[in-house]
Structures are given as C-alpha cells and as structure tokens.
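See below for the structure under consideration.
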Amino acid sequence: MAKLELKDVRKSYGPVEVIKGIDLTIEDGEFCVFVGPSGCGKSTLLRMIAGLEDISGGIFEIDGNRMNDIAPAKRGIAMVFQSYALYPHLSVRENIAFGLKVRKTPAAEIDTLVNDAIAMLQLDTLAGRYPRELSGGQRQRVAIGRAIVGQPETFLFDEPLSNLDAELRVHMRTQISELHDRLKRTMIYVTHDQIEAMTLADKIVLLRGGQIEQVGSPRDLYERPQNLFAAQFIGAPKMNIFDLENEFASLRNSLKLPLNAHHCGIRPDGFEIVAEGEGILVATVRLVEYLGNSCLVHAHVEGRDPIIIEQPANTVTQTGQRISLSANPSLVYAFGPDGNRIQVSGEQ
Ligand SMILES: Nc1ncnc2c1ncn2[C@@H]1O[C@H](COP(=O)(O)OP(=O)(O)OP(=O)(O)O)[C@@H](O)[C@H]1O
Ligand SMILES: [Mg+2]
C-alpha cells in the first residue's frame, strides 16, 4: 500500500521559492505523471518525495504517516534516473543484486529476487555482461531491475528514457506500462514529453513555475483543458489560439462564442477546408507535411503566426493556394480574460 499525499508542499532555495504550494493525492497503485516545461519543478518535487531534498514547507504523507523527516531508505521508495548510474565493474546480475547485498539479504532470497527481475525484464541472455557491453535501453532495464528487487511500494522515474532513440523510447514505454500492470505499485514518472505523459498516465499533473496548472486523466487534459496553458501544452501539434480582442474579433460572432471570451482555440484536426466564401477564415498554404496517414498544412492567416491544420492524407493542397476554413464547433474552445476556459454550447 502506498497512497501519497502532498499538502501545501513548498521548496525554497535561499530566498527563491521553486515549489509554491502543491496539494496533490496519488492513490495506491496509480501511475501518475508529472509533466511541464523545463525548470517547472518536476525533478525537485520528485526528489522531495524520495527524501533526497528537504521539504521547506507543508506536509508529505504516505498512507497517512508524515514523511517530511523520514530518511529516504525508510520511505519504501525506489528511484530510477535518466543517467543509469550502474557500477561499471559489476555485471548485470551483480548490479541488480548490489543493493540487496549491502542490506545483507540472505543469499537464497537475493537469488530468487534477482532471477525474477532478470526474467521480467528479459535480461536473461545479458546477465553476465558488463554495462559497457550494453545498449542504452538495456542499461536502463538493468537500472529498473535494481529498483524492482528492493520491492518498494513506490517507484519514482525521472525522465528515464530521455537518452534513448525514438524507437527504443516507444518500446521501453510499453515495457514500463507492462511493469506497472504486473507490479501494481504506485508509480510517479517525470517527463517533459506530452506523448509519454498521455500514453502512460492514469493521472497527469501538469506543472508550471512550481505550481499545478491542472490534474486529471489524459482525456480530461486533452478534451477539457482548464486554461490556455494546458490547452497548448497537451496535444501535438499544438492547439491554434486566436485573439478575439484584436485581429480575430469576427470569430466571436461566426463561432457564436460568449462575449467574455478573449481567446479561442481550435485543434489542428478541428478545421475543415470548405468552398470559397463558406468558411470562417481564409488562409494561404505555406507548407504541406505528408505523414502517411494524414498531412499537416501550415497556413498563413493575416495577423498571426501560421496555423497548423491536420487533414486526411489524400487532401490536395499546394503551397501558395488560398483556402477557406470552417471549424467543427465541438472542437472549438473559448478562454476568458484570465486565460481560464469558459464553457461553450455543445460541450459536455
Ligand atoms: N540546488 C538548487 N539551487 C537553486 N535552485 C535550484 C536548485 N535545484 C533546482 N533549482 C531551480 O528550481 C527550479 C526547478 O528545477 P527542476 O530541476 O525541478 O526542474 P525540472 O522541471 O525538473 O526541469 P527539467 O525538465 O529541465 O529537468 C529551476 O528553476 C531550477 O533552476
Ligand atoms: Mg528535471
């Protein structure tokens, strides 16, 4: 069991507060992802949970017990870092067993735990190799093995896949997901990659500047972003935002948006190319990126940076062409003067 609770948790380095009051509950067995731009405090928050950083203010509890002053080794937590930090002079098997040996675990028990981890992570044929003889993905599996054998209640991962190439990242992502299904332990995973966040998480915690912007399921964040920041951070390519107070005031009427809407957002797949004179916007095609199953049309609209429109792969558009665009009302979002989303008709 490990239900984690953070109550107004804060961190300051000297006069600078970098974690500004986090209230968060992570349920037992949940896969929680901290995501947000560089410097927003993801690693700091994770290290505070691990006990590697002091907590300057607030309360951190595991299963109702205050952890603020409990030593890292007594929190039932194991952490996997971006750098694998393996011992170069020890084999895969010895690396995985190392922590257990230090803790003087009986040899028979070490054997069982290490063999189980090796089998689970498909390291059987590599058990006798040294770290220098392994690929990045294999090294990261050894690092995960080292965490598993300690049988922690909670696993913390800090950008564990950032050093791997794109294909291996996808592969390791599914392995981490399967590991969570098998072990059913609480996991917190830090990433700045919103695709990793969307695919792995039960619960996403979106951070900015040491504060939480939004907490929810991947679907919540994508379909019901609370503000402009969440709307633009989740989803690739990004949501297109239009300023209704200036250049795009006409959209307020044509999209039937409330009077207090200051911005509206339309996801790339929310646009449709329609016959001339029928749309809400006219744009000039700048670039077409063919992706196989769809294409991304970068188009210039007077008064703003290019917008990105996702279209079926067989759409015929050419650079320089003028296109008329309409928007699917169920994919249009409105934001008030404070940047918070306001409900528009047709939306649940
Ligand atoms: N030891 C320290 N002393 C002073 N400031 C620090 C220290 N460690 C981190 N910070 C500051 O705290 C803020 C949060 O840093 P943190 O490493 O948690 O960000 P992050 O979200 O993990 O970013 P990244 O995605 O780049 O890893 C940053 O502004 C950073 O400069
Ligand atoms: Mg970090």
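Derivation of every value follows stated rules applied to the coordinates shown; laboratory data play no part. A quick note: this is a predicted structure, and the numbers were derived from the prediction, not measured. Here the Cβ is made from the backbone with ideal geometry for all residues, glycine too, and neighbour counts use every protein chain on show.
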Original post:
In which sequence would Met187, Met172, Met67 go, from the one with the fewest C-beta neighbours within 10 Å to the one with the most?
Top reply: Met172, Met67, Met187
Subject >> Within segment 143-208, trypsin sites (Lys or Arg not before Pro) in DSSP loop having at most 12 other beta-carbon neighbours inside 10 Å >> reply: Lys184
**OP:** Only Cα pairs under 8 Å and at least 6 apart count here; give the relative contact order of segment 238-342 as a rounded whole percent.
**Re:** 33 percent
Original post:
So, in nm, how far is label Ala73 from label Leu90 when the simple model puts each one 7 Å beyond its Cα toward the Cβ?
Top reply: 1.4 nm
Subject >> Gain in span if fully extended, Arg66 to Gln122, counting 0.36 nm per residue against the direct Cα distance >> reply: 16.4 nm
Original post:
Which percent of Cα-Cα pairs in segment 227-307 sits in each 5 Å bin, short to long?
Top reply: 3, 13, 22, 26, 21, 10, 4, 1, 0
Subject >> Radius ratio Rg over Rh of the chain, counting only Cα atoms, Kirkwood formula for Rh >> reply: 1.06
**OP:** Find the centroid of the Cα atoms in segment 1-79 and in segment 103-175, then give the distance between the two in whole Å.
**Re:** 24 Å
Original post:
In nm, to one decimal, how far is the modelled label at Ser324 from the one at Asp202, with both set 7 Å along Cα→Cβ?
Top reply: 5.0 nm
Original post:
Once you put a point 7 Å from the Cα of Phe81 and another 7 Å from the Cα of Leu287, both along the Cβ direction, what distance in nm separates them?
Top reply: 3.7 nm
Subject >> Ranked by how many other beta carbons lie within 10 Å on average, peptides 231-237, 308-314, 106-112 from highest >> reply: 231-237, 308-314, 106-112
Original post:
For segment 265-324, what does the alpha-carbon gyration tensor say about shape, rounded, prolate or oblate, given a ≥ b ≥ c as the root eigenvalues, a/c under 1.5 as rounded, and a/b over b/c as prolate?
Top reply: rounded
Subject >> Share antiparallel - DSSP beta bridges, the chain, percent rounded to 5 >> reply: 75 percent
